[in-house]
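S.K.: Quick one: structure below, then a few questions.
Just so it is clear, none of the values below were taken in a lab; they were calculated from the coordinates. Computed from a prediction, not measured in an experiment: that's the story for all the values here. No Cβ is skipped: glycine too gets one built from the backbone with ideal geometry, and neighbour counts run over all protein chains shown.
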Amino acid sequence: MDKASLIGTLIGVAACVYVGYRASHGNWAMFYSEKGMVMVFGGTISVALMAMPMEKLKCVPGYVRRFMFHKGRSPADVIKQVTSLSEKSRREGMLALEADVGKMEDKFFQQGLKMLVDGTAPETIETSLRMEILAMQERHKAGKKFFDLIKLYAPGYGLVATLIGQIGMFGHLGGEVEVMGHMLAVAVVATMYGTVLANAVAGPIGDKLALRSGEEIVNREMMLQGLLSIGVGDNPRVTMEKMLAFLPPAARGKISTS
């Protein structure tokens, strides 16, 4: 579980519930508008269907799980593992790493290590693993794109519902005040739906996914450079230094002295 995502979600929900209760005095029905929900949520779904292929939309539950449950490894863990393999290779030879291939949980690292043990040329290893990184980036872009669409178009459909509500209100000028009030409520509540959906849900999730994607790319680049360093027989300290280059100075000091 990503604690930051959970805590942020709970604080956001609590803030909305508290303010909503104080404003409505417990009359939550005033925040409900069937017309507004149909326009904002239905319209946003239609945009997602128009903008993205169905196979990408089927991955949406996975995007949400990635937001709430982060299984990525820290750079320190990656560096320690690669450095350990480098030391083992230095002492016992490259073939000694064959026993470690099956123990790798990360498929990317497992693939690279297997190619290394098999004696694959460094250029081939780098080309193959970089293609894996590019493919991963494209998959992650699709996740962020979905939430960017919601962030962009949900307020737009809220505005459309607002305009429809205002037109209905103007159309009943001089008529019953109750009808005018109902149409005005549709306009305001629909705007609220669109704003909350965009800024309290889609925006933060999309930004967190982009951050996690960047972290995973750095980890994989570190793995790649570490594997290539092992392949050319670098000293384990040199292998570590190549991977540390991807981290900010403060983090480098903590890892190198640990």
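S.K.: Given H placed 1.01 Å from N in the peptide plane, which residues other than close sequence neighbours of S33 have an amide H under 5 Å from its amide H?
M.R.: none
S.K.: Efficiency by 1/(1 + (r/R0)^6): what FRET value for E87 and L10, r their Cβ-Cβ distance, R0 = 41 Å, to the nearest 0.05?
M.R.: Details: r = 44 Å, r/R0 = 1.07.
With a Förster radius of 41 Å, E is 0.40.
S.K.: Can I ask one more? When the helices in the chain are scored as -39500 (n - 2.57) per DSSP H run of 4 or longer and the sum is shared across all residues, what 222 nm value do you end up with, to the nearest 500 deg cm²/dmol? Don't skip to the end; give the middle numbers.
M.R.: Working: 13 runs with 197 residues, N = 258.
Computed mean residue ellipticity for the chain: -25000 deg cm²/dmol.
S.K.: Grab the alpha carbons of the chain, take their convex hull, and tell me the volume per residue in Å³. Intermediate values should be presented prior to the final figure.
M.R.: Working: hull volume 39.2 nm³, N = 258.
Spelled out: Cα convex hull of the chain, divided by residues, is 152 Å³.
S.K.: A further question on this structure: Go ahead and set up a Gaussian network model of the chain, Cα springs under 10 Å, then flag whichever of T127, T162, T83 fluctuates most.
M.R.: Result: T127 has the largest fluctuation of those listed.
S.K.: Could you tell me which of the pairs K58/K145; K58/K144; K35/K208; K3/K80; K71/K208; K3/K71 are separated by over 23 angstrom between their Cα atoms in the structure shown?
M.R.: Listed pairs above 23 Å: K35/K208; K3/K80.
S.K.: For the range 127-209, what does the convex hull of the Cα positions come to per residue, in cubic angstrom?
M.R.: Working: hull volume 4.8 nm³, N = 83.
About 58 Å³ per residue, rounded to a whole number.
S.K.: Continuing with the same structure: Hey, could you pull the Cα Rg and Dmax for the range 77-118, both in Å?
M.R.: According to the Cα coordinates of the range 77-118, Rg and Dmax are 9.5, 25 Å.
S.K.: Could you state the angle between the C-alpha long axis of helix 75-92 and the longest principal axis of the C-alpha atoms of the chain, as a value from 0 to 90 degrees rounded to the nearest 10?
M.R.: 20 degrees
S.K.: Roughly what would the spin-label model give for K80 and S24, points 7 Å off Cα along C-beta, in nm?
M.R.: 4.9 nm
S.K.: Rounded to whole Hz and in sequence order, give me ³J(HN,Hα) for the range 108-122 from the Karplus expression 6.51 cos²θ - 1.76 cosθ + 1.60, θ = phi - 60°, writing x for Gly and Pro.
M.R.: 4, 5, 4, 4, x, 5, 4, 5, 5, 5, 6, x, 5, 4, x
S.K.: Please check which bits of the range 152-172 a label hung off V201 would reach, taking the label as a point 7 Å along Cα-to-C-beta and the cut-off as backbone N under 18 Å.
M.R.: It comes to 152-162, nothing else.
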